[in-house]
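Take a look at the structure below.
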Amino acid sequence: MKTAGRRNRTPCCICRQKVDYSLEKPHPDACTVQHVKSRKRFPELTWDPSNWAPAHASCNYADGPDGTAGILGATSQEW
């Protein structure tokens, strides 16, 4: 996945910013594997490569186990 991401210049699937594939852990911008559909809700997809996408380590860890950290709740008023 990391090799394909580097070759295709795939951005972080969470923040959509450029990933520096040369960085290694524990650097917060290092590439990690993000499960597109959460492992908690879709455990059968844990080892399915089609459910993997590159993400910055900091984005991935902030996203949480449900993959819901970046999802906004209901708005307070109609716009």
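The values are calculated or read from the model by the stated rules, or taken from the named source; none is laboratory data. This is a predicted model, so every value here is computed, not measured. Positions of Cβ are backbone-derived with ideal geometry, glycine not excepted, and every protein chain shown enters the neighbour counts. These area figures cover heavy atoms from the full protein model, side chains too; ligands, DNA and RNA do not enter into them. Shrake-Rupley method; radii C 1.70, N 1.55, O 1.52, S 1.80 Å.
Peptides 6-17, 46-57 ranked from most to least packed, by the mean per-residue count of other Cβ atoms within 10 Å: 46-57, 6-17. Averaged per residue, what accessible surface does region 17-66 expose to a 1.4 Å probe, in Å²? That works out to 66 Å² for each residue. In this structure the amide hydrogen of TRP52, modeled in the peptide plane, comes within under 5 Å of the amide hydrogens of VAL36, none closer than 5 places in sequence on its chain.
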